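Please read the structure below before turning to the comments.
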Amino acid sequence: MMHWGNFGGMGFGGFGLGWILIVIFWSLAFMGIIYFARHMWDGKSPKIVIETAEDILKKKYAAGEITRDEYRGKMKEIN
């Protein structure tokens with residue numbers, strides 16, 4: 001006869017292999033949470049990059065999307 005409280009004889013209801021597996025599982029879960037938290041909040045400020053209009057124009061000019069005259073004209077408008 002199978003006892004449902006024992007999970008098929010794996011020892012989850014007593015002091016067998018089941019308790020060791022449960023302790024290992026929760027230990028790994030706890031260490032994973034700690035690892036995640038330490039890497040998310042490492043005391044450094046967030047790396048937010050704000051591109052200015054000049055930066056965007058420089059990139060467009062370097063990529064060949066705008067001509068030299070367009071670049072100079074738009075830089076004059078910005079400044």
* **Single residue of segment 11-55 satisfying the filter (within 30 Å of ILE78 (Cβ to Cβ) and hydroxyl-bearing (Ser, Thr, Tyr)) that is modelled with the highest pLDDT** => THR52
* Pairs with Cβ under 9 Å, 6+ apart, first in segment 60-79 and modelled with pLDDT under 90, second outside any helix (DSSP H, G or I) -> ILE78/THR52
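The values are calculated or read from the model by the stated rules, or taken from the named source; none is laboratory data. Predicted model, so just to flag it, every value in this text is computed and none were measured. All Cβ positions, even for glycine, are placed from backbone atoms using ideal geometry, and neighbour counts span all protein chains on display.
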